[in-house]
1. Please name all residue pairs, on different chains or six or more residues apart, with Cβ atoms under 8 Å, provided the first residue is in the stretch 33-46 and is small (Gly, Ala, Ser) and the second residue is assigned to a strand (DSSP E or B).
2. Six or more apart or on different chains, Cβ under 8 Å: which pairs go from a residue in the stretch 1-26 that's in contact (Cβ under 8 Å) with a residue 60 or more places away in the chain to one that's part of a helix (DSSP H, G or I)? Could you list them?
3. Of all residues in the stretch 1-35, how many are in contact with a Ser or Thr (Cβ under 9 Å, 6 or more places away or on another chain) and assigned to a helix (DSSP H, G or I)?
4. Got a sec? Which of 59, 126 is at pLDDT 50 or above, assigned to a strand (DSSP E or B) and either farther than 17 Å from residue 7 by Cβ or under 17 Å from the mean Cα position of the chain (by Cα) (or both)?
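The values are calculated or read from the model by the stated rules, or taken from the named source; none is laboratory data. This is a predicted model, so every value here is computed, not measured. Cβ sites come from the backbone with ideal geometry, for glycine too, and all protein chains shown count toward neighbours.
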Amino acid sequence: MLTQEEAKKLLLSRLQARFGLCDLAIAEERAIERAFGWVFFLTETSATAARTSSKSSLGPIIVNKHVEQVIASSIAYPPDRFIRIYEKLLSKSRRTASNWCLTLSLHSLPIHWDPTHSPPLPRSIGHREHLAKRAKQAGFYEIR
């Protein structure tokens with residue numbers, strides 16, 4: 001299980017690896033803690049802000065401390081709505097997958113949830129496909 005500091009490092013390293021983003025920082029004062037982990041918001045560093053005309057805030061991004069998932073959405077949700085959708089998907093995943101995170105690694109869908117620390121798969125592929133479809137419709141994707 002990740003600590004908050006480990007979650008921050010994981011988030012920044014994944015952003016760097018996937019997008020090459022190194023001029024971002026976590027807005028510490030905006031972090032939200034939940035049972036699943038944290039919701040972080042990103043902000044441009046002063047070096048980035050100097051190159052652009054304004055300092056903007058990015059995010060939210062979820063880090064699930066139990067399975068080291070880093071989840072973002074292509075849809076600009078208010079933070080509370082983003083969290084509610086994730087928690088609802090997480091709850092459904094727990095019910096159908098015997099109690100852990102969105103264990104959806106379906107190659108046919110663009111969203112890939114990391115099953116590394118997950119218990120047995122859902123009773124049927126139908127449950128997985130349904131959750132993957134719901135997550136995709138919500139714009140959710142994993143930053144690896």
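1. Short answer, once both residue conditions are applied: 37/62; 37/63; 37/64.
2. Short answer, once both residue conditions are applied: 2/10.
3. Adding up the residues that qualify gives 1.
4. Within the list 59, 126, the selection yields 59.
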